[in-house]
Amino acid sequence: MGTLIRILVVDDYEPWRRFERLTFLGRKDLQIVGECSDGDDAIQRAEELKPDLVLLDISLPTLNGIGAARRIRQVSPDSKILFVSENRSPDILEEALSTGAGGYVVKSDAAGELLPAIKAVLEGKRFISASLAGSLSLVATGLVSHSVSWIITLISGIS
């Protein structure tokens, strides 16, 4: 990835935030600059920190991740958003991506997909967990804007 990527981690489950910290341990190009556990705090921290990337859960106290993402796009428009959630609902997936987020990783797939998803999103590509990629509604609603790069990202897991 090259340059230092500043990341805000937003999840109400502390063991999950710990997993993300450990995933980035030893990576010179990824730095967690903030952590928070609710949607309102996520908006405030994003406005203060202006991170390059926000890793955002869907189920959060005070304001869910989808509502938080919409507000984060307003207060920190250059921040990329990657949803990391256990929610597998195609409707929730579509709603999450409609916020302008760059991708959606299912937590149970994160061990193998989180780093490739971060890379793809930072490169302006869309990343959807392989376990959700079969959702026909994504294509029907036109949410996949770069079909070729999206398919390549899914197949290769990188770039």
Top-ranked residue of segment 118-129 - restricted to ones that are more than 18 Å from residue 95 (Cβ to Cβ) and in contact with a strand residue (DSSP E or B) (Cβ under 9 Å, 6 or more places away or on another chain), ranked as surrounded by the most Cβ atoms within 10 Å (Cβ to Cβ): 118
Members of segment 77-117 found to be touching a strand residue (DSSP E or B) at 6+ places or on another chain (Cβ under 8 Å), without any contact (Cβ under 8 Å) to a residue 60 or more places away in the chain and under 16 Å from residue 6 (Cβ atoms), listed by number: 80, 81, 82, 102
Conditions (1) of a type in the set (Val, Ile, Thr); (2) at pLDDT 95 or above; (3) not in a strand (DSSP E or B); number of the one not met by residue 3: (2)
Index of the failed condition, residue 23 passing every other in (1) within 15 Å of residue 115 (Cα to Cα); (2) in a strand (DSSP E or B); (3) touching a Leu at 6+ places or on another chain (Cβ under 7 Å): (2)
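The values are calculated or read from the model by the stated rules, or taken from the named source; none is laboratory data. This one's a predicted model, so the numbers in the text were calculated from it and none came from an experiment. Virtual Cβ from ideal backbone geometry, glycine too; neighbours counted across all protein chains shown.
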